[in-house]
Amino acid sequence: MKEQDGRMETEESMTAENGRPEETYAEEEIRRRLTFAIISHPDAGKTTITEKLLLFGGAIHIAGAVKSGKNSRAAVSDFMKMEQERGISISTSVMGFSYKGRKINLLDTPGHGDFSEDTYRGLSAVDSALMVIDSVKGVEERTKKLCAVCRMRSTPVLTFVNKFDREGKEPIELLDEIERELAMHICPVTWPVGQGRSFKGVYHLTENRLLLFQAGQNRRPEDVQALSGLDDPRLVQLVGASAAARLQEDAEMIRAVYPAFSEEDYLNGSVTPVFFGSALNNFGVAELLDELVRLAPPPLPKPADERLVRPEERKFSGFVFKIHANMNPRHRDRIAFLRIVSGRFLRNKMYYHVRADKAVRAANPTAFLSQEREIIDEAWPGDIVGLHDTGMFKIGDTLTEGECIHFKGIPSFAPQIFRLVMNADPAKEKQFHKGLDQLAEEGVVQVFTKFRQPNVRVLGVVGQLQLEVFQSRLENEYGAACKYEPVDLSVAQWISSKSREKLQAFAEANARRIFVDVKGNYVFASDSEWAMNRAREKNPDIDFFETSEMQKRAP
């Protein structure tokens, strides 16, 4: 694409590769892509599985390849100081690797509810999900909420029931719980033989193979001993007569109770295939990865306000779903994460920035392995690339080859905790404001101003831990400090009205409870759900919204 007389002009054709017709080359590259997120409740083993997938995919050579401050191995996908210190994922990590002919883009999302916005934005950038469930605790609250988001978008979900080398819930009880709590039909693909100390392995129901369990964090998939089905004469010898008889009964019961696996039902999000294993011991994860590569869809169409955008379209389009500053503390850089939706993305090409209404050059785009990056020359639908950002991009921004498109599904959620934020060190005023602005643009916190008091800054967050993360990153990455003062409000919704006058009158009458977000939209906050409902009933001309995506821009 080039610029002529201030207008964006699209190139007529893409360059064919290796003598292949350009359409064939594009189709093959798109079909190879697999972009998925790993979702779970905290401590279910999500980050451990992420690392084992990277290990089996050859992207890393030892799990926990990043060293922590105490010289013990920390998770490769957790690169912020607080993540390594606390052992939790705070920010979505993007990792790429190739496996069995597919180019995989993996997003490790935060499990903690305080960082749900980051997770929901990550889910907008993927085509499928891998859900991890702790066999000891079963289906937990965060899993329910994340699964509901996937179900709302008809996102295909594979399920891995982890930690079967520990004593926990019975497998049939877990299946019932998954179906009941997550409102999803299930189809077991593997089935556990024993549990906890008596865990012997898993039986692959569709392949009629029994994989024998052996503890060991460094064990490779090729080291797993396999039996060729339930008629193998070594079965009783290796798992015991009781376990062998129980397995025979369970296999018959599963096949009778649960329908045969339907790939179509999985792809439309109505059925989730279920696998069992132990991520810590590298057991069951290789089979999961094989099935993921075989079943998970290539890039899917993405809805925009204007139309549905399909990956096979020739013209490029993509959207920014995440921004992260200081991923490499030595360089103090800022990266915008761009999901490619359609067409071929090329390095150093000029693209149209829809919100800014201007042309921008895609100089030095990068691919990711957590905080490690490499410059790439091209990318295809499904890929996630990093763009160097000088403050030009915001979450939700669209790049195209000239078309005005606004992609859906990247909202901000109404905060539940508010704090007045002030600079704690007058000598660091510049650093404080830079950190506040950049971390707000990342979505670490939401920043509001008070109605009629534009110099008063208020932080809005979903959970308390977000405030701790903000303080920690402000200190470690910007050399600044802040202090908070409480605000006695706990419920908030965006507001708008068809009548500019009525919206303004409502804001004036409730000035103490009105905040203004970074886009100029009004937010009404209250101290209780009862008071919020009362305000809604008394003001029928005012529309209330739980997310910014649903709200129209304030007049």
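The values are calculated or read from the model by the stated rules, or taken from the named source; none is laboratory data. These numbers were taken from a predicted model, which means no experiment stands behind them. Glycine gets a Cβ as well: all are built from the backbone with ideal geometry, and neighbour counts include every protein chain shown. Calculation scope for accessible area: heavy atoms of the full protein, side chains included, ligands and nucleic acids excluded. Shrake-Rupley method; radii C 1.70, N 1.55, O 1.52, S 1.80 Å.
The table that follows gives values for the structure above.
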read-out: Per residue, the convex hull volume that the Cα atoms of the stretch 139-223 enclose (Å³); value: 125 Å³
read-out: Cut-off 13 Å between beta-carbons: net charge of the residues surrounding Pro540, Lys and Arg +1, Asp and Glu -1; value: +2
read-out: For the stretch 330-467: span of alpha carbons on each principal axis (Å, largest first); value: 45, 34, 27
read-out: Distant-in-sequence amide H partners of Ile323 (H built 1.01 Å from N, under 5 Å); value: Phe337
read-out: Extended-chain gain in nm, criterion 0.36 nm per residue less alpha-carbon gap, Lys519 and Thr24; value: 173.9 nm
read-out: Surrounding net charge for Phe164, when Lys and Arg each add one and Asp and Glu each subtract one, Cβ distance under 12 Å; value: +1
read-out: Square roots of five times the Cα gyration tensor eigenvalues for the stretch 196-327, Å; value: 40, 21, 12
read-out: Heavy-atom SASA rank of Asp377, Asp165 (probe 1.4 Å, accessible area, largest first); value: Asp377, Asp165
read-out: Protein accessible area in the stretch 235-323, 1.4 Å probe - carbon and sulfur %; value: 54 percent
read-out: Accessible area of the stretch 370-504 belonging to carbon and sulfur atoms, whole % at 1.4 Å probe; value: 48 percent
read-out: Cut-off under 5 Å, modelled amide H: who pairs with Leu280 long-range; value: Lys163
read-out: Residues whose placed amide H lies under 5 Å from that of Leu489, excluding near-sequence neighbours; value: Phe418
